[in-house]
Amino acid sequence: MGVGGFMAAGMIMPMARFAIDPVLKANASGDLVATKLKVADITEEPQRVDFTFDQVDAWYESEVTGTAWVYKNENGEIVALSPVCKHLGCTVDWNTDEGNPNRFFCPCHYGLYEKDGKNVPGTPPLAPLDVYPFEEKDGILYLGKAQPREEA
Ligand code: FES
């Protein structure tokens with residue numbers, strides 16, 4: 001094999017491994033991962049939940065920490081919101097801006113979101129916070145990959 005063939009093999013092999021390895025494919029698909037939060041402990045007050053999952057970028061696998069704001073709405077339904085601001089990606093906090101109680105606040109450029117994640121008009125974010133799909137298994141909250149809302 002000449003130099004060109006050798007280089008091509010080096011590029012193709014990792015891609016082939018990714019394409020045929022079902023374990024890598026399963027991890028890359030954004031399966032639900034367990035948090036440490038018991039569903040019974042979810043209240044109407046948003047609480048910050050950190051969780052870790054394996055992330056596969058091409059052929060690199062690494063452990064990544066994710067964060068969600070989780071609470072039950074007035075109908076008792078679980079809501080899990082991404083903390084990533086839809087303006088420029090800073091991290092939003094709950095109820096930390098004195099003039100705006102019970103809202104998510106982004107300190108970078110004073111972005112605001114209602115409790116349900118909708119962006120407050122007149123502040124920099126132009127879309128609601130992403131939402132995590134979730135599941136309850138054995139009383140524990142599992143989260144998937146955060147998705148933009150359809151009505152955004
Ligand atoms: S990054 Fe959140 S308001 Fe700009």
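If you go through segment 99-118 and keep only what is more than 23 Å from L143 (Cα to Cα) and either modelled with pLDDT under 95 or among the small types (G, A, S) (or both), you end up with G99, G111.
Take L112 and tell me if it is assigned to a loop (DSSP other than H, G, I, E, B) and within 12 Å of the ligand (Cβ to nearest atom). Spell out the reasoning first.
On the way: assigned to a loop (DSSP other than H, G, I, E, B): no; within 12 Å of the ligand (Cβ to nearest atom): yes.
No: the conditions fail for L112.
Restricting P128, P121 to residues that are assigned to a loop (DSSP other than H, G, I, E, B), under 17 Å from P46 (Cα atoms), within 16 Å of the ligand (Cβ to nearest atom) and at pLDDT 95 or above narrows the list to P128.
Across segment 50-101, the number of residues qualifying as among the hydrophobic types (A, V, I, L, M, F, W, C), within 14 Å of the ligand (Cβ to nearest atom) and either surrounded by fewer than 16 Cβ atoms within 10 Å (Cβ to Cβ) or assigned to a loop (DSSP other than H, G, I, E, B) (or both) comes to 4.
Comparison of V131, V56, V49 shows that the only residue that is aliphatic (A, V, I, L, M), within 23 Å of V33 (Cβ to Cβ) and touching a Gly at 6+ places or on another chain (Cβ under 8 Å) is V131.
The values are calculated or read from the model by the stated rules, or taken from the named source; none is laboratory data. Not measured: the values here are computed from a predicted model. Please note: Cβ atoms are built from the backbone with ideal geometry, for glycine as well, and neighbour counts cover all protein chains shown.
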